[in-house]
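Colleague: A single structure is presented below for examination.
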Amino acid sequence: MKGKALDHKLARIHADPFGAKDFILADAKDADMALGIAATGPASDRSAERPRSRSLAEYREQMRLIIEQGLVDILLMSASTAEQLVLRERRFDDSPITPAARCNDTTDIHIHRGGSLAQQPSLPFRTATLDHLQRGQLAEAGNAPPLGVDLGLYSVTFNNDARLDRETLEAYKSFRLEAERKGFRHFLEVFDPNVPGAVPAEHLPGFVNDAIVRTLAGVTSAGRPIFLKIVYHGPQALEELVHYDPHLIVGVLGGSAGTTYDAFKLLAEARKHGARAALFGRKINQAENQLAFVQFLRYLADGVISPEEAVKAYHGVLQRLGIKPWRSLSEDMQLQTNVMAYGGSGTVFSFPPSRRSAPADAPAPGAARPRKVASEPDFSQMTQAEKVRYNLERWRRILG
């Protein structure tokens, strides 16, 4: 099927919100609008005395590989990288992946070494303009057609402060009106408060859900986000939001690097409880092998493998490729912290244990099985050893 995978999936989800098995997977490579030099991820062994970050060129080369692989539905970039890969190199012209760019960079994602902006109340700010995302220049500066991105991420942080939250809402309103005039789509990222104690911990999930619903109640379909990107606060909070409006497609953010099991378990649990999208940035960017990591995220998103099996199979691929893992398998099977804000504050969620013999969201006997990836074997009928062996052979063919 030609066209962008994202558009096909959105259409199927809206046509059958509870029956569609589609899951939107995004790689967030926009960290240079937040983390500075460290945004590009590690280029050398973490145990080195002076570990080196990738250069910007190396960072973008990883993106080219992700585009060539074609397994994610969205690649999110900074405006400057989008100009290079979308406008100049035309990397997405024949790709099923939809290019997107970060539209705003509020002060709570300004993560500078020695700085403290991320711990101060979030203030609205936007570096990029929609003209530059769509054309690479102001519309009135020339006759450049809008061949850049037509999708962007807009983020908001509510801190339970009338003045600050009103300023955030006014900035979002201004963006929405400009986007509607220019035919620009967006998805909405809603961070948890970045001020400690802004909302009592026991009320935080409800506060965020209510803020989302209240914010969008006054927005008609022409200006609404195509999906959400939020912190996963557990099954109850996610199911509450999905039940309220099944056409408000909910996606979860991946947070900090953490363990491989953190990422895989988060995706599987969110999917099981109603999420239809997941955006992983640092978890992909700091993986030992990004292509292998994305491949297993795709398997999990499509419901063909369990998180526990995926971690073991991923380590098997690393072993086959001669790549030293950051952690031992036993260490990588531990759950750590789920990040609530870009700056790194968070809490630990206790996920229920999964049966090792089947994926966490395996259907009941007699029920329809999840859709399998095209041209893939039936993972539900394979043992763990067979799955590992299959993936080793597959990555031998891909990576040599």
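Colleague: Condition test on Glu308, is it of a type outside the set (A, V, I, L, M), surrounded by 22 or more Cβ atoms within 10 Å (Cβ to Cβ) and farther than 30 Å from Lys173 by Cβ?
Modeller: Numbers: of a type outside the set (A, V, I, L, M): yes; surrounded by 22 or more Cβ atoms within 10 Å (Cβ to Cβ): no; farther than 30 Å from Lys173 by Cβ: yes.
Spelling it out, it is not the case that Glu308 is of a type outside the set (A, V, I, L, M), surrounded by 22 or more Cβ atoms within 10 Å (Cβ to Cβ) and farther than 30 Å from Lys173 by Cβ.
Colleague: Right, something else. Mind listing whichever residues of segment 283-298 are of a type outside the set (S, T, N, Q) and touching a strand residue (DSSP E or B) at 6+ places or on another chain (Cβ under 8 Å)? Working first, answer last.
Modeller: Here is the first cut: in segment 283-298, the residues of a type outside the set (S, T, N, Q) are 283-284, 287-288, 291-294, 296-298.
Correct list: Ile284, Val294, Leu297, Arg298.
Colleague: Residues of segment 153-170 being of a type in the set (D, E, K, R) and surrounded by 19 or more Cβ atoms within 10 Å (Cβ to Cβ), which ones? Can you show your working first?
Modeller: Filtering segment 153-170 down to residues of a type in the set (D, E, K, R) leaves 161, 163, 165-167, 170.
Once the filter is applied, which keeps residues that are of a type in the set (D, E, K, R) and surrounded by 19 or more Cβ atoms within 10 Å (Cβ to Cβ), segment 153-170 yields only Asp165.
Colleague: As an exercise: evaluate Ala364 against (1) modelled with pLDDT of 95 or more; (2) farther than 21 Å from Ile66 by Cβ; (3) not charged (D, E, K, R) and give the number of the one condition it does not meet.
Modeller: Of (1) modelled with pLDDT of 95 or more; (2) farther than 21 Å from Ile66 by Cβ; (3) not charged (D, E, K, R), only one is false for Ala364: (1).
Colleague: Examine segment 239-258 for a residue that is assigned to a helix (DSSP H, G or I), under 16 Å from the mean Cα position of the chain (by Cα) and under 19 Å from Asp27 (Cα atoms), and state whether such a residue exists. Spell out the reasoning first.
Modeller: If we filter segment 239-258 for residues that are assigned to a helix (DSSP H, G or I), which is where we start, we get 239-244.
If we keep only those that are under 16 Å from the mean Cα position of the chain (by Cα) as well, we get none.
Checking segment 239-258: not a single residue is assigned to a helix (DSSP H, G or I), under 16 Å from the mean Cα position of the chain (by Cα) and under 19 Å from Asp27 (Cα atoms).
Colleague: Scan segment 78-87 and give yes if some residue there is of a type outside the set (D, E, K, R), touching a helix residue (DSSP H, G or I) at 6+ places or on another chain (Cβ under 7 Å) and in contact (Cβ under 8 Å) with a residue 60 or more places away in the chain, otherwise no.
Modeller: Keep residues of segment 78-87 that are of a type outside the set (D, E, K, R), which gives 78-82, 84-87.
Then keep just the ones that are touching a helix residue (DSSP H, G or I) at 6+ places or on another chain (Cβ under 7 Å); that gives 78-79, 81-82, 84-85.
Cutting the leftovers down to in contact (Cβ under 8 Å) with a residue 60 or more places away in the chain gives us 82.
Taking every residue of segment 78-87 in turn, at least one turns out to be of a type outside the set (D, E, K, R), touching a helix residue (DSSP H, G or I) at 6+ places or on another chain (Cβ under 7 Å) and in contact (Cβ under 8 Å) with a residue 60 or more places away in the chain.
Colleague: What residue, among those in segment 221-275 that are β-branched (Val, Ile, Thr) and out of contact with any strand residue (DSSP E or B) (no Cβ under 9 Å at 6 or more places or on another chain), is farthest from Leu297 (Cα to Cα)? I'd like the intermediate steps shown before the answer.
Modeller: Start the filter on segment 221-275 by keeping residues that are β-branched (Val, Ile, Thr), which leaves 226, 230-231, 242, 249-250, 252, 259-260.
This time we only want the ones that are out of contact with any strand residue (DSSP E or B) (no Cβ under 9 Å at 6 or more places or on another chain), so: 259-260.
Values: Thr259: 14, Thr260: 10 Å.
Looking at residues that are β-branched (Val, Ile, Thr) and out of contact with any strand residue (DSSP E or B) (no Cβ under 9 Å at 6 or more places or on another chain), I get Thr259.
Colleague: Have a look at Val199, Val195, Val190 and point out the one that is in contact with a strand residue (DSSP E or B) (Cβ under 6 Å, 6 or more places away or on another chain), among the aliphatic types (A, V, I, L, M) and surrounded by fewer than 21 Cβ atoms within 10 Å (Cβ to Cβ). Walk me through how you get there before you give the answer.
Modeller: On the way: Val199 fails: in contact with a strand residue (DSSP E or B) (Cβ under 6 Å, 6 or more places away or on another chain); Val195 fails: in contact with a strand residue (DSSP E or B) (Cβ under 6 Å, 6 or more places away or on another chain).
Residue meeting the stated conditions: Val190.
The values are calculated or read from the model by the stated rules, or taken from the named source; none is laboratory data. Not measured: the values here are computed from a predicted model. Quick reminder, even Gly has a Cβ in these numbers, built from the backbone with ideal geometry, and neighbours come from all protein chains shown.
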